[in-house]
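Each reported figure results from applying straightforward, stated rules to the coordinates on display, with no laboratory input. Being a predicted model, the structure only gives us computed values, none of them experimental. All Cβ positions, glycine included, derive from the backbone under ideal geometry; neighbour counts span all protein chains shown.
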Amino acid sequence: MDYYDIVMDSCSIDEKLSQRLGYKKIFSMGKDIKLANLNDPKVRGASAGIIMGEDKNKLLTFARGDVKAVIVTDFRIDKKLMAHMAENDIVLCIPVSAITFNYGLSRSRAIYMLNTLFTYARKSDIEVSFITQASSEMYLASEMQLIELAMLVGADEKYARHSISEVNKGLME
Amino acid sequence: MMRRKIRYILTESAKPVTESDRPQFEQQLYRAMLHSIGELSYHRTNPKIMKFIDDKRFILRCSLDGYTNALLALSIIKKLDVKEAAFYTLKSSGTIKALLKEPKAK
């Protein structure tokens, strides 16, 4: 099984490191796939890429366009948005950097929120992609670690492996 | 006496560890793992650095029961004392010999 990860474009990774970490390739948001950060007021449109943001109405408006995946940055469930994602086969991206980047109580809270979001998404038949979304080398995780983090959020091992192989690859096609 | 099943994890540190810093690094890593895993579960993981392979890679031993905790702890540790740190788990196995075996070329 080949594994893939997606990181921020600020994180530069050589091929040797990505192979050591157990990935066939580590993709970069902004370079390999378009990223529209809706928290930025300047963003007006998004196409065939990933959208991320907090405002659910804005996310839903953009998700009606040509979008492959959504990152909900506050990890809160919005039923309308989730229903639209399920209908249109839009993937929910879960960045595990929310767990590795936080500390103490905020980390515990992030795990709880991600667990709720993941469970709801899977019940709604939405495919979930686990990515590190690392902004630097310090926030990278190997394939083994990414699977364990996905399992911490509530995925079983089979789904965690499917997520970081097929789902992540599918985002790049 | 029943022997606990163990697991060896080949780990890479993002920052190099010089030979003179190793004893201090070891103590700092155990402390950070204790903090991440928690006092009540640390005994189940029982981590120990068995061998440094080079200035970045080392073999960490843990009990099989605490294997998941060890992997998660290594993922979330981002500081050792005051220094920035990060760890990548590259491979795991039941024996050191198997861990150090080079993968066969396909």
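Quick notes on this one:
- When you work out D = kT/(6 pi eta Rh) for chain B at 20 °C and 1.002 mPa s, using the Kirkwood radius from C-alpha pairs as Rh and the Stokes-Einstein form, the result is 152 µm²/s.
- Restriction of the GluC sites (Glu not before Pro) in segment A:45-132 to DSSP coil positions whose beta-carbon has at most 15 other beta-carbons within 10 angstrom yields A:54.
- Computed over segment A:1-115, the convex hull of the alpha-carbon atoms projects to a mean area of 8.4 nm².
- The GluC sites (Glu not before Pro) of segment B:2-50 include none that DSSP puts in a loop with a beta carbon having at most 13 other beta carbons within 10 Å.
- Of the trypsin sites (Lys or Arg not before Pro) in segment A:72-102, those whose Cβ has at most 16 other Cβ within 10 Å and which sit in DSSP loop: A:76
- Pairwise centroid distance, computed over Cα atoms, of segment B:37-72 with segment A:35-109, Å: 35 Å
- Environment charge at residue A:28 (Cβ cut-off 14 Å; Lys +1, Arg +1, Asp -1, Glu -1): -3
- Range of Cα positions in the protein assembly as shown per principal axis (Å), largest first: 60, 40, 36
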